[in-house]
């Protein structure tokens, strides 16, 4: 079945039906070409729709100039919504799989085979809860003695290194001669 509906602009949508499952589609007339098959999305049937006017007019030769007048379409008639909804069911747009093969944007992109498994989206990620606050500290950290112990240990290590340098200053000055200037500046020569 084929019917033409004037829409806004100069494009005309053709209503085609699949002969196998009777699925109806609205297809822009620019996509329907004589001899070009279409495929039904519902049942995957391939057929050639009957175009109004039978055979297309012969292509004009390059020598003949074309006199084409742009037809002026009357404004669409407005009818009450209740009457329009009783007359015919709402129309569906043409799915990509039913559209005829044409050099449209994305025509070079590979298509997913009709018998391929459906693509499933990953489930949304669960929101993570913020980490639980650390348990109360017991032992050294609870009373604040840990930092004090660390400072005392650091001072004792530095004092031991300084005492070793003073006690073995002759060996240090032999191994590293610039240390002699340090010890003389400190009055330990």
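Key figures
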quantity	calculated
Breaking point among (1) touching a strand residue (DSSP E or B) at 6+ places or on another chain (Cβ under 7 Å); (2) at pLDDT 70 or above, for residue 100	(2)
Search result, residues across region 1-33 that are assigned to a loop (DSSP other than H, G, I, E, B), in contact with a strand residue (DSSP E or B) (Cβ under 6 Å, 6 or more places away or on another chain) and at pLDDT 85 or above	19
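The values are calculated or read from the model by the stated rules, or taken from the named source; none is laboratory data. Since this is a predicted model, take the numbers as computed values, not measurements. In this analysis, Cβ positions are derived from the backbone assuming ideal geometry, glycine residues included, and neighbour counts consider all displayed protein chains.
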